[in-house]
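In what follows, a single structure is set out as structure tokens and then discussed.
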Amino acid sequence: MARDIQYLILEMVQNCPKPMKNIATAVGKPYSTLMRELDPEDRRAKLGVEMLLPLMRACNSVIPLRHLAEELGYRVASAKDITPDKPTFFEELLDTYQALVDYHRIMLEGGSVEAVAKCRETLIRQAKEDYAFYIRRRQAMDEEPAADSPNQTAPGAAAPGNATNREQS
């Protein structure tokens, strides 16, 4: 597993859109030192665990965290608030469909672990947005009085003239 995580960290840094020198500056390391520490084949220079979080922040990636969680049987989930980003429920659902298509496509094309993981997280987030939209929609429907029903009752309450079994006995 140690070799796996080393290669994942290297891949994360290599796939980062920021130049390597900017990443080195962001984590407070000289460029040449960081390059040696990232090289899994260099036995004399090793990246310390204290550098993992700064590197993940500099690269805006959680791939090493995701890998560690999966090794232990867990999944990383964002703690950020989930808010639907489309004006209608159907548009939100279409977003999720596209995210699923993208996820399957990148796997079929043999994309990098980082790229597949990002698509998976996008798909999960889209599904969460669908659910958040659905819950809000249901709550709004439950709160609105029906236009054709003058005697609207609260959910679970018996309507006038409709006694429950307990009330009949």
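Read-outs: derived from the displayed coordinates by stated rules, not from any lab. Owing to the predicted nature of the structure, the values given are computational and were not obtained by experimental measurement. Here Cβ is always computed from backbone atoms with ideal geometry, including for glycine, and neighbour counts include all displayed protein chains.
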*asked:* Distance cut-off 26 Å, Cα to Cα: go down the list Lys86/Lys118; Lys18/Lys128; Lys21/Lys128 and report the pairs above it.
replied: Lys18/Lys128; Lys21/Lys128
*Charge-dipole axis of segment 89-143 as Lys and Arg at +1 and Asp and Glu at -1 on Cβ define it, positive-most pick from Ala140, Leu123, Gln98*: Leu123
*Intensity falloff of segment 89-143 expressed as log10 I(q)/I(0), Debye formula with alpha-carbon point scatterers, at q = 0.14, 0.25 Å⁻¹*: -0.43, -0.88
*Give me the log10 of I(q) over I(0) for segment 2-71 at q = 0.16, 0.22 Å⁻¹, as the Debye formula computes it from C-alpha points; what are the numbers?*
-0.48, -0.93
*Give the order of Ser112, Ser78 when sorted by the count of other beta carbons within 10 angstrom, beginning with the fewest.*
Ser78, Ser112
*Overall form of segment 12-118 per C-alpha gyration tensor (a/c, 1.5; a/b vs b/c)*: prolate
